[in-house]
Structures are given as C-alpha cells and as structure tokens.
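Heads up, the thing below is written out as structure tokens.
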Amino acid sequence: MNTDIIKKIKSLKKAALPLLSSILALLLVACSSAPTHVILAPEITQIPHHKYQNTHVSLKVVDMRASNHVVQILKEGKAATVLSSEQRLEKLVAAVMTDTWKKQGVQFNQLSNTQVKIIIDKAITSVNQKAMSYDTQSEIIITVKIETPKQTLTNTFKSRGNSEGVLKADIAVLERDFNQNLNTLLTQIVNSKDVKSFL
C-alpha cells in the first residue's frame, strides 16, 4: 500500500474522531435524560358479542381533572416529578370507545336524542419514592352519563391498586400498569348491563 493512501486513511480517522465523540456524547445525554411523558394506548380486548340495532348516539368525553398528568413521583425534600400522556386522555378514551361501539353496531350522530357523556374524574398513579424503595397508589374514576328523552343513567366506574418495590420506580412499569387499569375500566363500561340497556 503506498504512503499517500496510508496518509489519507490516517487523516480521515483524525477527522472522524471528533464527530464520533460528539455523537457518543449526545447519545449518553439522551439516555440519561428523564422522560417527560408516558405513552397511553388504551384498548378493549374483550369486546362483548352484544350487537346494537338502530342505535344512534352522540358521544362526548370530558376530562374534569385539575391537571392532566397521569403519574406523579414524590421524593422527600424535592419537587414532584409529573408525567403527562403524550396524547390527551379524553381523546384516547373517545377514540377507543367510539371504535368499540361501532364494532357493535352503534352509529354516532351529534344530533342524536341519546347523549353519552364520559367524564374522567380521576386518573393518577402516585409514587412515593424513598432512598431504597418505593410504593405506588393508582386510582382511575370514570363516570358515564347516558341521557335519553325518557330517562337518565349515571354510573361511576372505579379502578384502584397499589404496589411496592425496591430501589427506583421504573417508568415503563408504571406506564404498563396504568394502561392495564384503564383497559380494565373501559372494558367494564362496554360490558355493563346498565349501559347496554340504555343504548
């Protein structure tokens, strides 16, 4: 191999070294930075076989919470770390409920006499982070109000849970557990005998 080629290879290595160092530094910063959002992807896996006939409803989902974060991590002497959903919770709930009811034959019309209102009263996972352990408390409360020209139904659905662990709470686990709790609650709503009878 002639000396010119060797010199070119050496100069390329020298030129690439700062670039590689910068990329490595950026990757380290990205990996070490704490997440600011959680990914919520509610789904109803157990869709009931019940089919609606000539059912037209209007649907509105309202988030009544004072703050839209779904996870808060509390450490003594420090400000709480709060994580919100990447997408607004009421939009996610509206999408999954609309999709599920459509599969059962429900048709959506904002001028319908049957009005379904889903109210998110509470949806939070609270983590108490200690030096070598943590404990969590989760609570989701959703109220379903169905109004027809003749009668009104108001039902409240709740999901509560708690857990504990060693060292530091894992955001991915908190995210998974919140999704599971939300899925369970939405499944309860579509399977509710009262809700079925009013639609």
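The values are calculated or read from the model by the stated rules, or taken from the named source; none is laboratory data. Just so it is clear, the model here is predicted, and its values are computed rather than measured. Cβ atoms come from the backbone with ideal geometry, glycine included; neighbour counts cover every protein chain shown.
Odds and ends about this structure:
- All positions within the stretch 98-127 that are under 18 Å from ASN181 (Cβ atoms) and assigned to a strand (DSSP E or B): ILE118, ILE119, ILE120, ASP121, LYS122, ALA123, ILE124, THR125, SER126, VAL127
- Check on ALA131, surrounded by fewer than 15 Cβ atoms within 10 Å (Cβ to Cβ) and not in a helix (DSSP H, G or I): yes
- GLU90 being assigned by TED's automatic domain parsing to the domain that holds ILE44, outside any strand (DSSP E or B) and acidic (Asp, Glu): yes
- Test result for VAL144, over 23 Å from ASN191 (Cα atoms) and among the hydrophobic types (A, V, I, L, M, F, W, C): no
- Candidates are the residues of the stretch 103-122 that are among the charged types (D, E, K, R) and at pLDDT 95 or above; the one that is surrounded by the fewest Cβ atoms within 10 Å (Cβ to Cβ) is LYS122.
- Per-region count, the stretch 30-63, residues at pLDDT 85 or above and assigned to a helix (DSSP H, G or I): 0
- Check on ALA95, within 25 Å of SER67 (Cβ to Cβ), at pLDDT 90 or above, assigned to a strand (DSSP E or B) and of a type in the set (Gly, Ala, Ser): no
- Residue identified as at pLDDT below 75 and closer than 30 Å to ASP170 by Cβ among LEU27, LEU17, LEU89: LEU27
- Candidate set: the stretch 134-174, residues that are within 18 Å of the chain's Cα centre (by Cα) and aliphatic (A, V, I, L, M); chosen: the one surrounded by the fewest Cβ atoms within 10 Å (Cβ to Cβ): ALA172
- Of the residues making up the stretch 32-88, those that are of a type in the set (Gly, Ala, Ser), within 20 Å of the chain's Cα centre (by Cα) and surrounded by 15 or more Cβ atoms within 10 Å (Cβ to Cβ) are SER84, SER85.
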